[in-house]
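Below: the structure, in structure tokens.
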Amino acid sequence: MKHNALFIGIVAVIVAACATSKPVADNEIGLSKTSVFDDPSPAVFDYPKTEPSAATALPRSWNSAPPQIPHKTEAFEPITANKNLCITCHDKPGLIGKKTKGIPTSMPESHYDTIEGKMVRNNGRHICTQCHTPQANVADLVGNTFKTDQ
């Protein structure tokens, strides 16, 4: 009997709360100020067509962020363990930490293993575009207030 009274009381409170609240409009639910039923499409864009030899380093968004790719990459894709054209220019263990204008940036020490005193590429890091991405100048679909550390 006590359980029935408690259950009826809880249901009565829920019904009263629902009856007095007004519904939320479909354009007030998410971050976007449009209806949740709208399907916004981003504007069509192209990645920069900069040749690798003409590219300059892009700023990092925060300290220790992976560098962005400042040149076109279509000719290098798909990147696989057996086909990675990025290393043609960036596999230079002797240049780790040294930046010289006109010379491609070397992969960092974290991308190598030391085997018998020799630096060898870490094959677990062969898909470069998992961390490093080409950049395009595009507008945000939803507002963004992120500020870089730079």
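Where a number appears in this text, it was derived from the coordinates with a stated rule and is not lab data. Nothing here was measured: the structure is a model prediction, and the numbers come from that model. Cβ sites come from the backbone with ideal geometry, for glycine too, and all protein chains shown count toward neighbours.
What the table below lists for this structure:
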quantity: Rotationally averaged projected area of the chain (alpha carbon convex hull; nm²); calculated: 18.3 nm²
quantity: Loop-located chymotrypsin sites (Phe, Trp or Tyr not before Pro) in the stretch 71-150, at most 15 other Cβ atoms within 10 Å (DSSP); calculated: Phe146
quantity: Separation between Cα centres of the stretch 28-75 and the stretch 111-150, rounded to whole Å; calculated: 14 Å
quantity: Restraint check, Lys33/Lys147; Lys22/Lys147; Lys72/Lys92; Lys72/Lys118; Lys83/Lys147, Cα-Cα greater than 26 Å; calculated: Lys22/Lys147; Lys72/Lys118; Lys83/Lys147
quantity: The stretch 99-115 residues near the modelled Ala75 label - backbone nitrogen below 16 Å, point 7 Å along Cα→Cβ; calculated: 104
quantity: Sorted by Cβ density within 10 Å, fewest first, the residues Cys89, Cys128, Cys18; calculated: Cys18, Cys89, Cys128
quantity: Degrees between helix 2-20 axis and first principal axis of the chain (Cα, 0 to 90, nearest 10); calculated: 70 degrees
quantity: Spin-label pair Asn82/Leu141, simplified geometry with 7 Å Cα→Cβ offset, distance in nm; calculated: 3.6 nm
quantity: Relative contact order computed over the stretch 52-130 (Cα-Cα under 8 Å; 6+ residues apart), in percent; calculated: 22 percent
quantity: Among Ala136, Ala57, Ala17: highest mean-square fluctuation, GNM of the chain, C-alpha pairs under 10 Å; calculated: Ala17
quantity: GNM result for the chain, Cα springs below 10 Å: residue of Thr133, Thr34, Thr56 fluctuating most strongly; calculated: Thr34
